[in-house]
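S.K.: Would you mind keeping the following structure in view while I ask a few things?
The values are calculated or read from the model by the stated rules, or taken from the named source; none is laboratory data. Keep in mind that what you see is a predicted model, and the values were worked out from it rather than measured. Here the Cβ positions follow ideal geometry from the backbone for every residue, glycine too, while neighbour counts run over all protein chains shown.
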Amino acid sequence: MKNPLVAAATNPANAKVAAYTIGVPLSIIGSAEILAGGIISTEFWAGKAAVSAGTQAITNKGDVDLWDVGVDAICTSGASALFGGPIDINLFDENPIKITGINKSLRETSIDIGTEMLFNKAGDKVFNSVSPYLKNKGEERLFKTVIGLPMNSISKGTNYVLKKDEN
């Protein structure tokens, strides 16, 4: 028997409501945070790119959005969600370049921004609560990777489930 919480969370109707209910306010809050906290963060760029590409490849069955990888590598988490959501570059997709308003729906963009913002911000909060106890940059990078992998995997997996019924 399926867990009722899992059944409710994976129901496409509930997922759509959750995406908009969580994603839209989070995007507004995230926009203000970006203005306060900055946009560019190239520290640990290679690690951020590897986490992004790796989790996308696993959760999307090898399909990697190169735009998202680049934006994830050089932007803060809130900025990467807002700048990465409207554009997709997947070389092996039938439409390799998707842009909101041209060949990408507002629904898809909202899901991309909402899931990315929610789970990246959650990862940031965990990192910020532990970072005072880390002794050096090596430990910080290791912990960011340890936090980034599951958060990014959950984000991409949630994104996949929410978009699944559209395609």
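S.K.: Given the criteria at pLDDT below 85, more than 13 Å from the chain's Cα centre (by Cα) and either hydroxyl-bearing (Ser, Thr, Tyr) or part of a helix (DSSP H, G or I) (or both), does residue 163 qualify?
M.R.: yes
S.K.: Of everything in the range 71-126, what is part of a strand (DSSP E or B), more than 15 Å from the chain's Cα centre (by Cα) and not aliphatic (A, V, I, L, M)? Give them in sequence order.
M.R.: Within the range 71-126, 98, 100, 104 qualify.
S.K.: Just one of the numbered conditions (1) surrounded by fewer than 21 Cβ atoms within 10 Å (Cβ to Cβ); (2) in contact with a helix residue (DSSP H, G or I) (Cβ under 9 Å, 6 or more places away or on another chain); (3) assigned to a helix (DSSP H, G or I) is not true of residue 64; which one?
M.R.: (3) is the only condition that residue 64 fails.
S.K.: Any residue in the range 134-146 that is among the small types (Gly, Ala, Ser), in contact with a Ser or Thr (Cβ under 7 Å, 6 or more places away or on another chain) and either crowded, with 16+ Cβ neighbours inside 10 Å or part of a helix (DSSP H, G or I) (or both)?
M.R.: Initial filter on the range 134-146 (among the small types (Gly, Ala, Ser)): 138.
Pick out the ones that are also in contact with a Ser or Thr (Cβ under 7 Å, 6 or more places away or on another chain) and you get none.
No, the conditions are met nowhere in the range 134-146.
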